[in-house]
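The values are calculated or read from the model by the stated rules, or taken from the named source; none is laboratory data. Keep in mind it's a predicted model, so treat the numbers as computed, not measured. Here the Cβ is made from the backbone with ideal geometry for all residues, glycine too, and neighbour counts use every protein chain on show. For the accessible areas, the whole protein counts, side chains as well, though only heavy atoms, and no ligand, DNA or RNA atoms are used. Shrake-Rupley method; radii C 1.70, N 1.55, O 1.52, S 1.80 Å.
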Amino acid sequence: MPDSRDPQNPAQPAGPPPPGTWVLGRVRGIRLTMRFTWLPVAMLLAIGFAAIIGQQFPELGGWRYVAAFAFVVAFTVSILIHELAHALMAMRFGIGVSEINLGFFAAGTHIEGERKSPLEEFAVSVVGPIASLIVGGLAYLGSRAFDEGVGYVALWELGVANLIVGVTNLLPGLPLDGGWVLRAIVWKLTGNMHTGTIAAAWAGRILAMAVLALPVLLEEIWGRQPSMVDFLIALLVGFFLWSGSTASLMQARLRRKLPALQVRTMARRAVAVHSGTPLAEAVRLAGEAHAGAVVVIDGDGKPHALVSETAVAAVAPNQRPWTTVSEVSTRIGAGHIIGINDTGEEILATLRRHPSSEYLVLDADGGVYGVLATSDVERAFRSR
């Protein structure tokens, strides 16, 4: 099943669940949640299984719904086993995992770190489908213990369901597990992780188009007239595959730009002034020095606040001689300092953990180099 990835390690405690999400508990510190969108899946499974049981064992009457409920619970547990396999394998490699979530087309393990090697990628990705195939095999073997009856049908259907989950997730295209497996293989062959992502994302798009064509193929190859349900399922699955693969493709292209992003080249040179300096004087000094930012320092020469362009523009020119920089400055908060040698991933990590419009840039000796504006980072992304 697809997993979400955020390059931070170890995992941070998961925040409060979004509306429509229930917390089921925790396993080894991993929060287990379920979205309300899982309920339609559970209802369809229950209705379908109850119909099968009702046809084969009409004498059960209303008890077939109890059997259907038990089947849905067993299938849900098998999906959790699939996701736990991903999570435990990731933790074995020292990669943090914050949450396992169940939802319609959204079951996933929230893994909080990038794989360090193709081997890690392959192992973490392939173990989920393997777990589903093992559960399916055990269910099939369990059904052999029953010659007939509800137990036989339930275990047989559970085995088939897990076989479908395992095989489907091994299809080589993102965002399926098989897509991450393909990514690992291409990564190993080319030595480039981003090339692997792009190849697996395009494979996911091809899969999406193949799924959309399935109802037509049913009639052309097997002579079966497709129903509206067939077209609806193909549309939902195809949309899921296309949107997931497209998101992965965009992320890969974005990450290719990261190594070229450097604080040193994006930061605006700054002038340092004391807090009592008139704003007009600070602007004049910045203009003479061809600087694009103003840093406010204390009596010991240590920076403690920044003056943004927005703050300067908000003060009328005739009021700037009578306004001090301390009146329009913003204190430098925790995490709003960035190193001059930081590059792509480090820049994004700082922006993600400590959102701000501007960051103080220090040189290698701890002195003031300049200011990095978030708008400049966004502009650098768009221009590359």
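Just one of Glu59, Glu114 is of a type outside the set (Phe, Trp, Tyr), under 15 Å from the mean Cα position of the chain (by Cα) and open to solvent by 30 Å² or more (accessible area, probe 1.4 Å); which is it?
Matching residue, one of Glu59, Glu114: Glu114.
Would you point out which residue out of Ile134, Ile79 is at pLDDT 90 or above, open to solvent by 20 Å² or more (accessible area, probe 1.4 Å) and either closer than 26 Å to Met43 by Cβ or not hydroxyl-bearing (Ser, Thr, Tyr) (or both)?
Criteria check complete, one pass: Ile134.
Just one of Pro259, Pro321, Pro226 is assigned to a helix (DSSP H, G or I) and either at pLDDT below 90 or under 30 Å from Thr350 (Cα atoms) (or both); which is it?
Selected residue: Pro259, the only one of Pro259, Pro321, Pro226 that is assigned to a helix (DSSP H, G or I) and either at pLDDT below 90 or under 30 Å from Thr350 (Cα atoms) (or both).
So which residues in the range 347-368 are touching a helix residue (DSSP H, G or I) at 6+ places or on another chain (Cβ under 8 Å) and in contact (Cβ under 8 Å) with a residue 60 or more places away in the chain?
Correct list: Ile347, Leu348, Glu358, Val361.
Evaluate the range 318-332: report whether one residue or more is in contact (Cβ under 8 Å) with a residue 60 or more places away in the chain and either over 18 Å from Val273 (Cβ atoms) or not β-branched (Val, Ile, Thr) (or both).
no
Give the residues of the range 167-185 that are assigned to a helix (DSSP H, G or I) and of a type outside the set (D, E, K, R), sorted by residue number.
The answer is Val167, Thr168, Asn169, Gly178, Gly179, Trp180, Val181, Leu182, Ala184, Ile185.
Just for the range 220-268: of the residues that are open to solvent by 20 Å² or more (accessible area, probe 1.4 Å) and of a type in the set (Ser, Thr, Tyr), which one is nearest to Leu182 (Cα to Cα)?
Thr246
Identify, by number, the condition in (1) open to solvent by less than 30 Å² (accessible area, probe 1.4 Å); (2) closer than 19 Å to Gly179 by Cα that Ala68 doesn't meet.
The one condition Ala68 does not meet is (2).
Scan the range 125-151 for residues that are of a type outside the set (Gly, Ala, Ser) and in contact (Cβ under 8 Å) with a residue 60 or more places away in the chain and jot them down.
Of everything in the range 125-151, just one residue is of a type outside the set (Gly, Ala, Ser) and in contact (Cβ under 8 Å) with a residue 60 or more places away in the chain, namely Val150.
Output the residues belonging to the range 324-363 that are modelled with pLDDT under 80 and not in a helix (DSSP H, G or I).
Scanning the range 324-363 gives a single hit, Ala334.
When you go through (1) under 19 Å from the mean Cα position of the chain (by Cα); (2) farther than 30 Å from Thr190 by Cβ; (3) open to solvent by 20 Å² or more (accessible area, probe 1.4 Å) one by one for Gly103, which number turns out not to apply?
Unmet condition: (3).
Tell me, please, whether a residue that is free of Cβ contacts under 8 Å to residues at least 60 places away in the same chain and surrounded by fewer than 15 Cβ atoms within 10 Å (Cβ to Cβ) can be found in the range 177-186.
No.
Does Phe146 count as open to solvent by 40 Å² or more (accessible area, probe 1.4 Å) and more than 18 Å from Leu44 (Cα to Cα)?
yes
Tally time: how many residues in the range 45-54 are of a type outside the set (A, V, I, L, M) and open to solvent by less than 30 Å² (accessible area, probe 1.4 Å)?
Final tally of qualifying residues: 2.
Quick check on the range 19-44: of everything there that is under 22 Å from Val150 (Cα atoms) and free of Cβ contacts under 8 Å to residues at least 40 places away in the same chain, which residue is surrounded by the most Cβ atoms within 10 Å (Cβ to Cβ)?
Ala42
Is the range 209-219 home to any residue that is touching a Gly at 6+ places or on another chain (Cβ under 8 Å), surrounded by 16 or more Cβ atoms within 10 Å (Cβ to Cβ) and of a type in the set (A, V, I, L, M, F, W, C)?
Yes.
Given the condition assigned to a helix (DSSP H, G or I), under 27 Å from Leu171 (Cβ atoms) and not charged (D, E, K, R), answer yes or no: does some residue in the range 51-61 qualify?
yes
Identify all residues within the range 312-335 that are under 27 Å from the mean Cα position of the chain (by Cα) and open to solvent by 40 Å² or more (accessible area, probe 1.4 Å); write none if there are none.
Ala334
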